[in-house]
Amino acid sequence: MFYRSTRNSGVNVTSAQAIAQGISQDGGLFVPSEIPSVSLDEIKALGEKTYAERALFVFSKFLTDYTEAEIRYCVDGAYNTKNFDTDNIAELAHLFDGTYMLELWHGPTCAFKDMALQILPYLLTTATKKINLNKKVVILVATSGDTGKAALEGFKDVEGTEILVFYPEDGVSAMQKKQMTTQEGENVGVCAIKGNFDDAQNGVKAIFTNPEIAGKLADNGMMFSSANSINWGRLAPQIIYYVSSYAQLVADGEIELGDKINIVVPTGNFGNILAGYYAKHMGVPVNKLICASNANNVLTDFIKTGIYDRNRPFHTTISPSMDILISSNLERLLYHLCGSDDAQIREWFGKLAETGRYEVTDDVKKALADEFYAGCCNDDQTKACIKEIYDEYSYTCDTHTAVAVKVYKDYVSATGDKTKTVIASTASPYKFSGSVLSAVGKDTDCDEFGLVDELAEVSNIPVPASLAALKDKEIRFSKVIEKTAMKNYVFEALGI
Ligand SMILES: *Cc1c(COP(=O)(O)O)cnc(C)c1O
């Protein structure tokens, strides 16, 4: 199995190279040359196994240049009860009849990003050893809140790495900010920028693909890599939990082997739902992939019309990890849907960079409509949904997950589809306590830790230990810079 660039199908690298490099030199994203298949019997057999063993199975299909011992080292280091507060790693909870919450937030930072970022440092350091890089790897991260903290926790004090995180000054929740500004570790840096997530992501992409900057790093024995979902090492781990949850539903007798399920994903950068697409095309029986957006509904319009148009106001919402107008991973999907036509991708993404808009072909529009359903909701609808779930099912969910539930309910009303459904639950409600409490009618004006105590009384979910511990931690990073100053910050932080 090799990896190609979405902007140059002639690129041919191993998974270790793709993971070490993060993004292709031409600005394209690495994609597998083919999607490996799994049989229903193989999926059924996974039902008897631990999450780490399921991960080993899926990784061995994609990371064919890693030995079994190397993959085992990675999965055992990441998916254990030192890092996750449940044996199952990803929990599957019943919401209502035939509807299951795939709780992906039992890791150290309480968001689904941990599922990939606990293992990425293992995959990456193993990759650099395999290809004899002998360079310090500098991880640059743009975050809308959750990736930054999850990447910092994954990479802190990992030998041979340095990690620098940029977040939008006013674009993250109080708890998210606290998580990042108090980060421990000798190889970490955190910096706020005056701008939104797209500014941070564009700044990071520009630094990555600037040959002069790359040269300067190389002169100092360093190289960049990425912990954003543009890195294949972020995508691959996310495929596992869709395969795993299907195997679990079969093992639990909730579905028959071969029955189709819907997958609903609250979406921002399109990484999580794209992992669902890969799981489907490996052989997991999936009916619809349901893409849920907040008021930043560029993807809803795109999936419905085939026109991607980012020329619209940017909304700051109560589901900040989805406040994105340029969803990077869509590029991977379109590459697959247009038959690996790299010239076509260069044309569309050239237009996106120049005019903020492109329109796909009729064939791609049809493929989009076959595979996906899309919907969106605003903050008031999100809050109403949190309250409804809380009142009707005694389940407390976070703001992002609530967007998914609301869009799913709209989907059922519109289609009458009764297919059993897995909803990706992407964050612990404790990360967004203020909005969740206000949704269930318990507005208070205490600080983020007072809110946590209050939410503990209202929900029946134990307070995650990692969040409670933040209270006594010192603020280490308080720098705020212009978005044009990111390059200088990087040089300064690296001392070059
Ligand atoms: C990152 C994030 C999302 C969006 O996921 P993408 O892979 O970027 O589409 C949704 N919810 C939460 C809580 C997140 O942290």
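The values are calculated or read from the model by the stated rules, or taken from the named source; none is laboratory data. Since we're looking at a predicted model, the values are computed, not measured. When we count neighbours, we look across all protein chains shown, and the Cβ atoms used for this are built from the backbone with ideal geometry, even at glycine. Accessible surface is based on the protein model in full, side chains and every heavy atom, while ligands, DNA and RNA are left aside. Shrake-Rupley method; radii C 1.70, N 1.55, O 1.52, S 1.80 Å.
C446 meets all of the listed conditions (1) open to solvent by less than 10 Å² (accessible area, probe 1.4 Å); (2) among the hydrophobic types (A, V, I, L, M, F, W, C); (3) more than 16 Å from the ligand (Cβ to nearest atom) but one, namely (1).
When each of L289, L299 is tested for being in a helix (DSSP H, G or I) and modelled with pLDDT of 95 or more, the lone residue that passes is L299. Look at S321 and say whether it is closer than 19 Å to I230 by Cβ and touching a Phe, Trp or Tyr at 6+ places or on another chain (Cβ under 6 Å). For S321, the condition - closer than 19 Å to I230 by Cβ and touching a Phe, Trp or Tyr at 6+ places or on another chain (Cβ under 6 Å) - is not met.
In region 169-186, of all residues being closer than 17 Å to E474 by Cβ and part of a loop (DSSP other than H, G, I, E, B), the one that is most open to solvent (accessible area, probe 1.4 Å) corresponds to E186.
Listed by position, the helices (runs of 4 or more DSSP H) enclosed by region 1-95 that each have at least 2 residues that are open to solvent by 20 Å² or more (accessible area, probe 1.4 Å), farther than 30 Å from E212 by Cα and among the charged types (D, E, K, R) are 40-46, 51-62, 68-78. Of all residues in region 418-441, those that are outside any strand (DSSP E or B) and surrounded by 15 or more Cβ atoms within 10 Å (Cβ to Cβ) total 16.
Just one of V265, V250 is in contact (Cβ under 8 Å) with a residue 60 or more places away in the chain, within 20 Å of the chain's Cα centre (by Cα) and under 19 Å from H94 (Cα atoms); which is it?
Working: V250 fails: within 20 Å of the chain's Cα centre (by Cα).
Only one candidate passes the filter, namely V265.
Figure legend. Inter-residue proximity from region 100-120: first residues of a type in the set (S, T, Y), second residues near the ligand (Cβ under 9 Å from one of its atoms), beta-carbon distance below 6 Å, spacing 6+ or different chains. Indicated pairs: T109/A150. Checking the stated criteria, V243 turns out to be open to solvent by less than 10 Å² (accessible area, probe 1.4 Å) and away from the ligand (no atom under 16 Å from the Cβ).
Of all residues in region 341-354, those that are open to solvent by 50 Å² or more (accessible area, probe 1.4 Å) and within 18 Å of S328 (Cβ to Cβ) total 5.
Just to be sure, is D472 free of Cβ contacts under 8 Å to residues at least 24 places away in the same chain and closer than 18 Å to K383 by Cα? In short, no. Determine whether region 205-223 contains at least one residue that is open to solvent by less than 10 Å² (accessible area, probe 1.4 Å) and either under 17 Å from the mean Cα position of the chain (by Cα) or within 16 Å of the ligand (Cβ to nearest atom) (or both). Among the residues of region 205-223, not one is open to solvent by less than 10 Å² (accessible area, probe 1.4 Å) and either under 17 Å from the mean Cα position of the chain (by Cα) or within 16 Å of the ligand (Cβ to nearest atom) (or both), which makes the answer no. Total residues in region 453-465 satisfying the condition of being touching a residue at least 40 places away in the same chain (Cβ under 8 Å) and either touching a His at 6+ places or on another chain (Cβ under 8 Å) or surrounded by 13 or more Cβ atoms within 10 Å (Cβ to Cβ) (or both): the figure is 5.
Of the residues making up region 249-279, those that are surrounded by 22 or more Cβ atoms within 10 Å (Cβ to Cβ) and away from the ligand (no atom under 16 Å from the Cβ) number 2. Close contacts from region 141-152, counting a first residue that is outside any helix (DSSP H, G or I) and a second that is within 8 Å of the ligand (Cβ to nearest atom), with Cβ to Cβ under 7 Å and a gap of 6+ residues or different chains, come to V141/T147; S144/G268; S144/S321; S144/I324; G145/S321. Could you list all residues from region 281-300 that are within 16 Å of the ligand (Cβ to nearest atom) and open to solvent by 20 Å² or more (accessible area, probe 1.4 Å)? Passing the criteria: A295, N297.
Among the residues of region 466-484, write down those that are touching a helix residue (DSSP H, G or I) at 6+ places or on another chain (Cβ under 9 Å), open to solvent by less than 70 Å² (accessible area, probe 1.4 Å) and either more than 22 Å from V452 (Cα to Cα) or of a type in the set (D, E) (or both). Of everything in region 466-484, those that are touching a helix residue (DSSP H, G or I) at 6+ places or on another chain (Cβ under 9 Å), open to solvent by less than 70 Å² (accessible area, probe 1.4 Å) and either more than 22 Å from V452 (Cα to Cα) or of a type in the set (D, E) (or both) turn out to be F477, I481.
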